[in-house]
Amino acid sequence: MGLLANSVSLCQFHVVGDLPAVIDFEWAQERLARQGFRSIDHGSEEMSIGWVHLDDAQESTFDTAQVFFRDHYLTFSLRRDQRRIPGPLLRSYVQQAQDEFLRANPGMKRVPKQKREELREAVRDRLLARVLPSPSIYDAVWDTRRGVISLSSLNANTIELFEGLFRTTFDNLRLVPVHPFARAESVLEGDKLEALRQANRASGQAVLDLIKDNQWLGADFLLWLMHRSMNGSGEFRTSRPGPGADGEPFAAWLDDRMILLGDGETGVQKVTVVGPQGQYREACTALRENKRIIEATMYLEKGENAWRLTLKGETFHFASLKSPGVKLEKDDLVDAAAEREAVFFERMYLIESALQMFDTLYADFLRERLGRAWSAREEEIRDFLSAA
């Protein structure tokens with residue numbers, strides 16, 4: 001689902017590189033239009049990739065600021081159209097072409113290798129011309145104040161495709177995933193930031209190393225929040241920048257679904273716990289067996305509004321982030337473009353509210369995890385697991 005839907009999956013990136021002093025219309029328009037999507041509906045190309053408007057996947061001109069600039073947000077969508085030929089169908093037609101070749105050349109018992117390749121390519125081209133391309137669209141929003149891009153996909157291939165097209169589009173810029181260690185750096189400062197860097201278990205600064213070697217961050221965070229959910233201390237106050245005022249109360253807890261991972265006698269074992277947790281007995285049993293939480297459903301509640309998301313602990317991807325509903329008013333008296341813009345800002349307000357609360361939780365956890373209080377918390381958690 002796209003960013004304007006009430007439920008969306010998100011991964012985030014920091015934009016790094018030689019950024020212009022001001023990201024304005026002319027700078028962005030030239031680059032987006034240059035890599036705008038080109039239709040292949042009337043051709044035989046296998047794939048086309050490019051940028052389209054967030055509100056209209058048929059448009060790729062970016063000729064006015066209103067279609068992709070909204071206050072400090074730069075909006076665009078990645079569109080990929082691809083033709084796919086089912087393998088059995090392709091093999092069947094290739095075999096027919098080879099049979100016809102042998103009938104036309106009775107002196108041959110086999111089709112030569114080079115000819116087989118030629119026949120396969122010719123058949124494939126004919127079939128591609130007869131197949132309609134299937135579109136896939138992924139929304140992106142660039143918060144130019146914070147230098148953060150949110151993408152509405154968690155698929156590894158899509159993320160790689162997005163990163164590649166972004167580099168091609170915006171010269172001298174690249175994207176760095178906001179993984180648990182990077183997010184920790186962004187919510188800490190002073191002594192706690194230095195303590196985080198001292199606790200870094202990665203051997204280098206490569207993104208994959210920072211993610212792989214610091215999986216303890218996501219696992220300990222989810223364990224910490226599960227423990228707070230159970231002992232009645234799930235009340236917090238916002239302390240990170242965002243739409244909400246500093247000090248606003250909110251609640252956060254884990255429930256409904258958890259995935260735990262650990263080593264067993266037969267190798268790596270994964271345990272999925274589903275349903276209202278009650279006393280978290282199944283999860284506690286797995287934790288006592290030295291498994292760690294790698295994914296969980298999290299609930300956030302502030303005032304009358306509620307959010308739900310599934311947190312991927314190893315990457316801090318947000319799957320199925322469901323926010324309070326926002327509806328597009330279907331009224332002939334309301335300008336459609338103005339209404340879409342209003343919905344966009346409301347959606348961003350709700351998404352960023354959830355992220356503000358999440359960052360507050362993470363900062364609270366890190367201040368405890370990197371301080372002297374953690375040993376006492378660990379003892380409480382051990383007692384809690386033993387008694388469960």
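The values are calculated or read from the model by the stated rules, or taken from the named source; none is laboratory data. All values reported here derive from a predicted model rather than from experimental measurement. Glycine also receives a Cβ, built like all others from the backbone with ideal geometry; neighbour counts cover every protein chain displayed.
The table below lists the values:
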read-out	value
From the options 187, 178, 141, residue that is more than 23 Å from residue 75 (Cβ to Cβ), modelled with pLDDT of 95 or more and among the β-branched types (Val, Ile, Thr)	187
Scope the range 192-215; condition touching a residue at least 40 places away in the same chain (Cβ under 8 Å) and either touching a His at 6+ places or on another chain (Cβ under 6 Å) or not charged (D, E, K, R) (or both); matching residues	195, 196, 199, 211, 215
Among residues of the range 303-312, those that are free of Cβ contacts under 8 Å to residues at least 60 places away in the same chain and in a strand (DSSP E or B), counted	6
The one condition in (1) of a type in the set (Ser, Thr, Tyr); (2) farther than 30 Å from residue 71 by Cα; (3) surrounded by 13 or more Cβ atoms within 10 Å (Cβ to Cβ) that residue 92 fails to fulfil	(3)
Residue match in the range 294-302 (condition: outside any helix (DSSP H, G or I), touching a Pro at 6+ places or on another chain (Cβ under 9 Å) and in the same structural domain as residue 187 (by TED's automatic domain parsing))	yes
Residue that is closer than 25 Å to residue 121 by Cβ, surrounded by 16 or more Cβ atoms within 10 Å (Cβ to Cβ), touching a helix residue (DSSP H, G or I) at 6+ places or on another chain (Cβ under 9 Å) and among the β-branched types (Val, Ile, Thr), where the choices are 49, 40	49
Condition met for residue 74 (surrounded by 14 or more Cβ atoms within 10 Å (Cβ to Cβ) and under 27 Å from residue 307 (Cα atoms))	yes
Subset of the range 161-191 [more than 18 Å from residue 316 (Cβ to Cβ) and either more than 22 Å from the chain's Cα centre (by Cα) or among the charged types (D, E, K, R) (or both)]	167, 171, 172, 174, 189, 190, 191
Elements of type helices (runs of 4 or more DSSP H) in the range 104-195, at least 1 residues being under 24 Å from residue 352 (Cβ atoms) and hydroxyl-bearing (Ser, Thr, Tyr)	156-169, 180-187
The range 220-239 residues that are in contact (Cβ under 8 Å) with a residue 24 or more places away in the chain and closer than 17 Å to residue 276 by Cα, paired with ones that are part of a strand (DSSP E or B) and charged (D, E, K, R) (beta carbon under 7 Å, 6 or more apart)	none
Selection from the range 24-37 of residues that are surrounded by fewer than 20 Cβ atoms within 10 Å (Cβ to Cβ) and either in the same structural domain as residue 337 (by TED's automatic domain parsing) or not aromatic (Phe, Trp, Tyr) (or both)	24, 26, 29, 30, 31, 33, 34, 35, 36
Residues (exposed (fewer than 15 other Cβ atoms within 10 Å of the Cβ) and among the hydroxyl-bearing types (Ser, Thr, Tyr)) located in the range 137-173	168
